[in-house]
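Okay, so here's the structure we're looking at.
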Amino acid sequence: MPDITAVKTALADQRVETPSWGYGNSGTRFKVFAQPGVPRTPREKLDDAAKVHEFTGITPRVALHIPWDKVDDYAALAAHAKDRGLELGAINANVFQEDDYKLGSVCHPDAAVRRKALAHLMECVDIMDATGSRDLKLWFADGTNYPGQDDVAARQDRLAEALQAVYERLGDDQRMLLEYKLFEPAFYTTDVPDWGTAYAHCLKLGAKAQVVVDTGHHAPGTNIEFIVAVLLREGKLGGFDFNSRFYADDDLMVGAADPFQLFRIMHEVVKNGGLDPAAGVAFMLDQCHNVEAKIPAIIRSVMNVQEATAKALLVDGEALAAAQAAGDVLTANAVLMDAYNTDVRPLLAEIREEKGLHPDPVAAYRASGWQERIVAERVGGEQAGWGA
Ligand code: AFD
Ligand code: MN
């Protein structure tokens, strides 16, 4: 049986990175529903992120999105974060929201557009130098909508050229995390559609290039935990963009649609050494809460990750390996299901109380009055969002 002290230590040490854009307004291509109290500035986003960390105790790092979080003085922004017990995390590039990028960015047929996109990626690395961020997150909306629209292989060549240039720009302690997505906004081909394409490019680039698994970016029914196990084994799992989906890239609270899948993913993470900080796996949220209050939704997401991780840590690894070796299918499955069916909320509540935290972070947030305060104070100005 797992050593409960080691399990509690691993859970106490776990860290989840929250997305700055998760605190701003969001929606679908049909409508962005504004919410009262939403931040107007990157600093206010950090103020909200500090509340998530205050009540969860495990979210000290905040991912930024450029240009949504562009500021004149990143050192000052980092100081604002530090004053709130936070640090700036991954820098997310954005080469998908300008008119020039209609036919793609780094894969665009026009070299001038490719140069513009590459310049943005290089600017993001400059920002990493200023913020001290380790990771550059690269998601490309690049793709095509019709057969014949562009040359699929030529677009891969253009992509490889840009990735190589960025790779050479990275500092020794910096990484580029290449994120794949099956479709959307392109509907016929996406230039980085799946883990194989991302892995192939990262393998050619070198150790500082790793793959990001966004849990909303696969075809229905994809076995994501298989991908996670293979990428971990290859040393190419740079991190996760956690969210949840019923049909597409729904960006719902992680674990909401399929907590069993999240557990199976975290079981592969735990079993293959991915939870060890030395493995360098970035556990990031990438979610947009369109119809629910944003800060408690992020808190709930963090709790869902914790619960899946706790269950994964409670898997009796020895009994599982023995049953697997013996080909004892039912026992092996039962060992895994025993862990999944364990109610780990009391254990997590105990860990929080031992840290001096309220056992229920959502309840603690609701009692804090922060939501009422930001609704009252954040009047006027232009609310943050991503303008979809
Ligand atoms: C969108 C993309 C992708 C990316 C995120 C942040 O689908 O998940 O990681 O924006 O840029 O959700
Ligand atoms: Mn993502």
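The values are calculated or read from the model by the stated rules, or taken from the named source; none is laboratory data. Since this is a predicted model, take the numbers as computed values, not measurements. Here the Cβ is made from the backbone with ideal geometry for all residues, glycine too, and neighbour counts use every protein chain on show. The accessibility values were calculated without ligands, DNA or RNA, using every heavy atom of the protein model including side chains. Shrake-Rupley method; radii C 1.70, N 1.55, O 1.52, S 1.80 Å.
Before moving on, here are some points about what is shown:
- Residues of the range 16-31 satisfying the condition of being in a loop (DSSP other than H, G, I, E, B) and surrounded by 15 or more Cβ atoms within 10 Å (Cβ to Cβ): V16, G24
- Only listed residue being surrounded by fewer than 22 Cβ atoms within 10 Å (Cβ to Cβ) and among the basic types (K, R), chosen from R169, R158: R169
- Any chance P39 is farther than 26 Å from A364 by Cβ and touching a residue at least 24 places away in the same chain (Cβ under 8 Å): no
- Just one of the listed residues (V166, V213, V152) is among the aliphatic types (A, V, I, L, M) and within 16 Å of ligand 2 (Cβ to nearest atom), namely V213.
- Extreme residue, farthest from A117 (Cα to Cα), among residues of the range 72-95 that are among the aliphatic types (A, V, I, L, M) and within 16 Å of ligand 2 (Cβ to nearest atom): A90
- Scanning the range 168-192 for residues that are under 13 Å from F140 (Cβ atoms), assigned to a loop (DSSP other than H, G, I, E, B) and away from ligand 1 (no atom under 12 Å from the Cβ) turns up just one, D191.
- Restricting L314, L347, L330 to those that are farther than 17 Å from G274 by Cα, open to solvent by 20 Å² or more (accessible area, probe 1.4 Å) and either within 26 Å of the chain's Cα centre (by Cα) or of a type in the set (D, E) (or both) reduces the list to L347.
- Just so you know, in the range 95-115 the residues that are of a type in the set (D, E, K, R) and closer than 22 Å to V152 by Cβ include one that is farthest from the chain's Cα centre (by Cα), and it is D110.
- Test: residue in the range 360-368 that is over 26 Å from P2 (Cβ atoms), surrounded by 22 or more Cβ atoms within 10 Å (Cβ to Cβ) and in contact with a helix residue (DSSP H, G or I) (Cβ under 6 Å, 6 or more places away or on another chain): yes
- From the list A165, A219, A229, A256, the lone residue that is in contact (Cβ under 8 Å) with a residue 12 or more places away in the chain, more than 12 Å from ligand 1 (Cβ to nearest atom) and closer than 26 Å to P296 by Cα is A256.
- The numbered conditions (1) modelled with pLDDT of 95 or more; (2) in a loop (DSSP other than H, G, I, E, B); (3) more than 16 Å from C288 (Cα to Cα) are all true for P2 except (1).
- Qualifying positions in the range 228-247 - open to solvent by 30 Å² or more (accessible area, probe 1.4 Å) and either within 16 Å of ligand 2 (Cβ to nearest atom) or small (G, A, S) (or both): G235, R245
- Selection of the range 266-305 for residues being of a type in the set (A, V, I, L, M, F, W, C), surrounded by fewer than 20 Cβ atoms within 10 Å (Cβ to Cβ) and assigned to a helix (DSSP H, G or I) yields A278, A279.
- Some residue of the range 204-214 being touching a residue at least 12 places away in the same chain (Cβ under 8 Å), within 16 Å of ligand 1 (Cβ to nearest atom), open to solvent by less than 20 Å² (accessible area, probe 1.4 Å) and in contact with an Asp or Glu (Cβ under 6 Å, 6 or more places away or on another chain): yes
- Of all the numbered requirements in (1) within 11 Å of ligand 1 (Cβ to nearest atom); (2) modelled with pLDDT of 95 or more, D250 misses one, and that requirement is (2).
- Within the range 364-380, being part of a loop (DSSP other than H, G, I, E, B) and in contact with a Lys or Arg (Cβ under 9 Å, 6 or more places away or on another chain) holds for R378, G380.
- Flag for L64 being aliphatic (A, V, I, L, M) and surrounded by fewer than 23 Cβ atoms within 10 Å (Cβ to Cβ): no
- Set side by side, the residues T197, T222 differ, and just one is among the polar types (S, T, N, Q), part of a loop (DSSP other than H, G, I, E, B) and over 21 Å from D173 (Cβ atoms), which is T222.
- Any hit, the range 42-50, residues being modelled with pLDDT of 95 or more, part of a loop (DSSP other than H, G, I, E, B) and within 16 Å of ligand 1 (Cβ to nearest atom): no
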